[in-house]
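A short write-up of the structure that comes next.
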Amino acid sequence: MEAMDVHSCARPDLIRVRHLELEFDLRFDRKILDGVVTLHFDATDQPELALDTRDLVIHSVENAAGFELGARDPILGTPLKIGLDKGCSWVRVHYSTSPGASGLQWLDAPQTAGKQHPFLYTQSQAIHARSWIPLQDTPAVRVTFRGRVRTPPGLYAVMAAERAGEHFRMERPVPSYLIAMAAGALEFRTLGERAGVFAEPALIDVAAREFADTEAMIRAVEEMYGPYRWGRYDLLVLPPSFPFGGMENPCLTFATPTILAGDKSLVALVAHELAHSWSGNLVTNATWSDFWLNEGFTVYLERRILEKVYGREREEMEAVLGRRELDREMSSLPESDRVLHLELRGRDPDDGCTLVPYEKGALLLRTIEREVGRNRFDAFLRGYFDHFAFQSITTSDFLEYLRRELPTRVPLEEWIFRPGVPAGAAEPESDAFRKVEEQSVCWEQGGSIQTNTWSTQLWLHFLRTLQMPDMARLDREFHLTESRNSEILFQWLLMAVRGVYEPAFPRMEEFLMTVGRRKFVKPLYSELMKTPEGQERARRIYARARPGYHPIAQTTLDAIVGSQP
Ligand code: BES
Ligand code: ZN
């Protein structure tokens, strides 16, 4: 018996859609996508096909015995019920999106790097594909597809798929949350045999330098976990309003420009999205409660890639940073959100997106690795990716497989179903960080410290270990308000809000006006909202910045700052 996905009205147990033909016409003037989708399934005598939609206008359905839209649910959207004749094996839906579609961001030219052309990109995870395609929007269903995008002149369209002349083609079955498209003034640079990068012309050289190690990363994972099965691996650099760091769309990772630090110091994100080509895209969470199977495995793989490509010390630092952030975030979460397998009925799956599935998940795998040894664990993982390749699985599928293939003494039930980090976890450690901790003690006692050779990771750890930061002194000495590194700047701005360090506020405002990455903007607004003066500042900035944010970020921030007319 298959696990039910509470975030979809689809009934794949009755009819399973297997292939999509997609046609998109982009109307930038009205911020509307006109679409035609043909859904193919095995011939059926079922009377009805149920699809997920959100804010779609359905114009007509071909090869159907009528159609009907149900009641709109604020989280799930609106079911579309299509009547079927006996033996039916396809239907074709003609539809339009709404300007506020949750899975689309339409950018005006001024919001792009080049300022000459508009930009559009999609973000389907977790349940936003339904806002731009009517389909069975559950990760339990996998489809192949062909796509075609009509764009105005001057724009270049890409899809997370293989390019085949006028079309795009995805011949490996993927879940709906991995269907993706973008269009803008894009240029391409090759990075290696299988890898390349798309970006606006103003960013393309910087991006190509930053991502120069991509091919080495692909080879590193392949050595550990088997061949890369998706053909090409390209990256697409999006405008700064992209609400995530990265999104693992197959063949084409979408990435925030805020990782272009100039020194490759933030490429853990590339390792992460690349790792999803195994954990997530090949073996996929069947429901959003199993999200930790995607993200926990991916953070574990990400760190293994970093170790192989950049060495042990780098891996240790990233692991300690992650471990610390996990504790920090968990302390503010209700106990029910400190478990790996989340109960999400009645909730937006985007709410389950805390560090718990990421860092606690990775810590569990690290703990199993320590228990059985690296060689045995790597062999297990390789077998796991082969065994479940191109399938969507639940937490119990994983548990059953693990217990059969690799019995251990790790208390799995406790890790997965109980809150917090169990005793006996494989805690990461970093010698480099210990030295920084000594430096920070020295600094706080008024001494001067040598920071010339510090990496981004050392800076982050230094700033986070300061007990009572003297903001003016730090800024005088290290010019942190002027930092060009988004992670360091973000950490600094957070401290500036906490310590009411006014000289950094103009920079913070500029940051919040341009960057829409949720990981940065959510904590900054939340911190501002803690005091009356901060609230006023947050509301004033948000009123101006909100129109430039992605709908997903707007929803998150409306709940924190309050929506304005
Ligand atoms: N798949 C996620 C992004 C995501 C998760 C989008 C849930 C929508 C819902 C992606 O792989 C990811 O984890 N991105 C992280 C970066 C990563 C290095 C931790 C992010 O965006 O911060
Ligand atoms: Zn991820």
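The values are calculated or read from the model by the stated rules, or taken from the named source; none is laboratory data. Only a predicted model underlies this, so the values are computations on that prediction, with no experimental measurement involved. Positions of Cβ are generated from backbone atoms using ideal geometry, with glycine treated the same way; all protein chains shown enter the neighbour counts. SASA here: full protein model, heavy atoms, side chains in, ligands and nucleic acids out. Shrake-Rupley method; radii C 1.70, N 1.55, O 1.52, S 1.80 Å.
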Pairs under 7 Å by beta carbon, first residue farther than 20 Å from ASP263 by Cβ in region 442-465, partner of a type in the set (Val, Ile, Thr) and in a loop (DSSP other than H, G, I, E, B), six or more apart or different chains?
-> CYS442/ILE449; TRP443/ILE449
Kindly establish whether LEU344 is more than 10 Å from ligand 1 (Cβ to nearest atom), in contact (Cβ under 8 Å) with a residue 40 or more places away in the chain and under 24 Å from ALA379 (Cβ atoms).
-> no
Flag for VAL36 being part of a strand (DSSP E or B), open to solvent by less than 30 Å² (accessible area, probe 1.4 Å) and touching a strand residue (DSSP E or B) at 6+ places or on another chain (Cβ under 9 Å) = no
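Per-residue answers, yes or no, for (1) in a helix (DSSP H, G or I); (2) at pLDDT below 95; (3) among the basic types (Lys, Arg); (4) open to solvent by 20 Å² or more (accessible area, probe 1.4 Å):
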| position | (1), (2), (3), (4) |
| --- | --- |
| ARG403 | yes, no, yes, yes |
| GLY420 | no, no, no, no |
| GLY424 | no, no, no, yes |
| TRP443 | yes, no, no, no |
| ARG473 | yes, no, yes, yes |
| PHE490 | yes, no, no, no |
| LEU494 | yes, no, no, no |
| PHE511 | yes, no, no, no |
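Let's see how each residue does on (1) of a type outside the set (Asp, Glu); (2) in contact (Cβ under 8 Å) with a residue 12 or more places away in the chain:
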{"residue": "HIS479", "(1), (2)": "yes, no"}
{"residue": "SER483", "(1), (2)": "yes, no"}
{"residue": "GLU487", "(1), (2)": "no, yes"}
{"residue": "ARG507", "(1), (2)": "yes, yes"}
{"residue": "ARG518", "(1), (2)": "yes, yes"}
{"residue": "GLU536", "(1), (2)": "no, no"}
{"residue": "GLY548", "(1), (2)": "yes, yes"}
{"residue": "THR555", "(1), (2)": "yes, yes"}
Which one of the conditions (1) touching a strand residue (DSSP E or B) at 6+ places or on another chain (Cβ under 6 Å); (2) within 29 Å of ALA164 (Cβ to Cβ); (3) small (Gly, Ala, Ser); (4) away from ligand 1 (no atom under 11 Å from the Cβ) does GLY246 fail to meet, given that it meets all the rest?
-> (4)
With respect to ALA185, determine if the residue is more than 24 Å from GLU302 (Cα to Cα), open to solvent by less than 30 Å² (accessible area, probe 1.4 Å) and touching a helix residue (DSSP H, G or I) at 6+ places or on another chain (Cβ under 8 Å).
-> yes
Can you tell me which residue within region 164-182, out of those that are without any contact (Cβ under 8 Å) to a residue 40 or more places away in the chain and within 29 Å of PRO12 (Cβ to Cβ), is surrounded by the fewest Cβ atoms within 10 Å (Cβ to Cβ)?
-> ALA164
Looking at region 122-144, which of its residues are within 21 Å of GLU162 (Cα to Cα) and surrounded by fewer than 24 Cβ atoms within 10 Å (Cβ to Cβ)?
-> VAL141, ARG142, VAL143, THR144
Filtering region 338-384 for residues that are surrounded by 18 or more Cβ atoms within 10 Å (Cβ to Cβ), in a helix (DSSP H, G or I) and at pLDDT below 95 leaves a count of 2
Test: residue in region 220-230 that is more than 16 Å from ligand 2 (Cβ to nearest atom), open to solvent by less than 10 Å² (accessible area, probe 1.4 Å) and small (Gly, Ala, Ser) = yes
GLU248 fails exactly one of the following numbered conditions: (1) more than 13 Å from ligand 2 (Cβ to nearest atom); (2) among the acidic types (Asp, Glu); (3) surrounded by 23 or more Cβ atoms within 10 Å (Cβ to Cβ). What is the number of that condition?
-> (1)
Look through region 518-565, keep the residues that are in a helix (DSSP H, G or I), polar (S, T, N, Q) and more than 19 Å from ASP108 (Cα to Cα), and return whichever of them is most open to solvent (accessible area, probe 1.4 Å).
-> THR555
So which residues in region 255-303 are among the basic types (Lys, Arg) and more than 14 Å from ligand 1 (Cβ to nearest atom)?
-> LYS264
